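Worksheet: the structure to be examined is printed underneath.
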Amino acid sequence: MQIAEMIVMVKSEIGPEGEFIEKVEKNSRIWASKRMLEMLMEGERYVEDNWLENGLPNLIDRIVESYEEYGGINRSEGEGLPSKQAVIEVLEDLLAVIFPGYFGGIGVNKSNIKYFLGSILSSIYSRLVDEVEKSLKYLSRNFRVGSEETCRKRARAVVKEFLEKIPEIRALLNGDIQAAYDGDPAAKSTDEVILSYPCVLAIATYRIAHELWVRGVPLIPRIMTEYAHSKTGIDIHPGAKIGRNFFIDHGTGVVVGETTDIGDNVKIYQGVTLGALSFPKDERGKIVKGSKRHPTVGNNVVIYSGATILGGETTIGDGAVIGGNAWITSPIPAGTKVIVAPPELYYKNNDQFKDVSTNSNG
């Protein structure tokens with residue numbers, strides 16, 4: 001059916017009822033402009049009836065060629081990489097172990113808790129060993145060291161060590177939850193904090209991923225923390241070092257870089273960046289990786305919303321308070337309060353509009 005016929009049909013179906021037809025006609029003129037009609041009616045643009053038989057094979061050949069040309073964005077042997085979906089599923093089960101009754105869909109109580117833990121930890125162990133083995137084989141292929149058997153044995157050892165850290169992870173998270181409850185006057189209970197605060201997911205995921213990171217597991221820690229980032233807006237690199245009783249209030253837009261070192265009892269607000277000031281480069285102009293690029297934050301520090309603290313040599317001393325929207329690239333002594341001077345505000349109304357608008361500072 002041609003577009004012109006469609007317009008006529010719309011008119012005839014509506015009937016001669018006045019204003020409504022005029023609106024339809026106006027809308028029709030908007031979307032059925034002359035140029036659009038010309039484009040739609042160009043016969044050579046019609047898809048031939050046998051495109052699936054003739055055209056699709058040609059497209060497949062071209063896409064395969066692009067795999068060869070742009071190999072960096074595809075892996076034809078994807079089975080050799082850890083599964084993102086499998087890693088996320090393991091993470092969600094770990095959260096159910098760490099926060100039983102809060103995360104996960106299974107109700108637990110004293111009578112079934114050991115059965116629950118035995119079943120889920122056994123499953124986590126098997127699945128995580130598989131994914132860690134894949135990640136280690138990926139590393140082995142890239143650097144041509146080790147064997148498949150070595151990767152398998154190391155994967156089992158890493159996952160065992162990691163799972164045995166769960167009691168310590170829970171102890172750290174208990175402090176983080178209490179810090180959130182104590183630090184937010186809007187929090188009515190720790191139950192509310194665990195169930196609803198985005199910082200809980202972000203910090204818990206970080207503490208899980210960090211234990212894998214320090215054991216040299218590639219890929220998987222970043223999959224975990226970037227998943228939490230996508231869910232919460234809080235971006236914590238698994239390589240960062242974060243002490244006890246850590247609280248991120250509100251959270252959206254927080255960035256904690258890889259080499260950041262944060263002490264105990266630190267509270268930060270939304271929009272805070274603990275980032276790199278610059279990236280050192282080698283003689284070929286490539287970024288040198290692995291250096292200390294992000295700040296060190298001492299104990300009992302408060303960093304208010306929108307503050308940006310940059311650089312590996314930047315330290316924030318114990319007990320310092322960093323005001324909102326501060327930009328810091330040099331050390332701050334302990335106990336210092338950094339406050340951005342309030343900007344001048346001008347208020348306009350009908351009587352003052354001319355005077356205010358001509359003010360040289362306005």
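Table for the structure above
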read-out	value
Fraction in percent of alpha-carbon pairs per bin - 10 Å, the stretch 169-219	25, 47, 21, 8
Trypsin sites (Lys or Arg not before Pro) restricted to the stretch 252-315 and DSSP loop, no more than 14 other C-beta within 10 Å	Arg284, Lys286, Lys289, Lys292
Whole-number percent relative contact order across the stretch 82-234, with pairs defined as alpha carbons under 8 Å at least 6 apart	26
P(r), alpha carbons of the stretch 179-290 - 10 Å bins starting at zero, rounded %	14, 43, 31, 9, 3, 0
Diffusion constant of the stretch 100-176 at 37 °C, which comes from Stokes-Einstein with the Kirkwood Cα-pair radius and 0.692 mPa s, µm²/s	227
Residues Arg152, Arg62, Arg207, Arg141 arranged by fewest to most Cβ contacts within 10 Å	Arg62, Arg141, Arg152, Arg207
Where only C-alpha atoms are counted, convex hull volume of the stretch 82-234 per residue in Å³	112
Environment charge at Arg62 (Cβ cut-off 13 Å; Lys +1, Arg +1, Asp -1, Glu -1)	-4
Candidate lysines for bridging to Lys137, where Cα separation is under 19 Å - those fewer than 8 sequence places away on the same chain excluded	Lys84, Lys153, Lys160
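Quick note: the coordinates plus some simple rules give every number you see, no bench work behind them. Model, not experiment: these values are computed from the prediction. With ideal geometry, Cβ positions are generated from the backbone for all residues, glycine too; neighbour counts draw on all protein chains shown.
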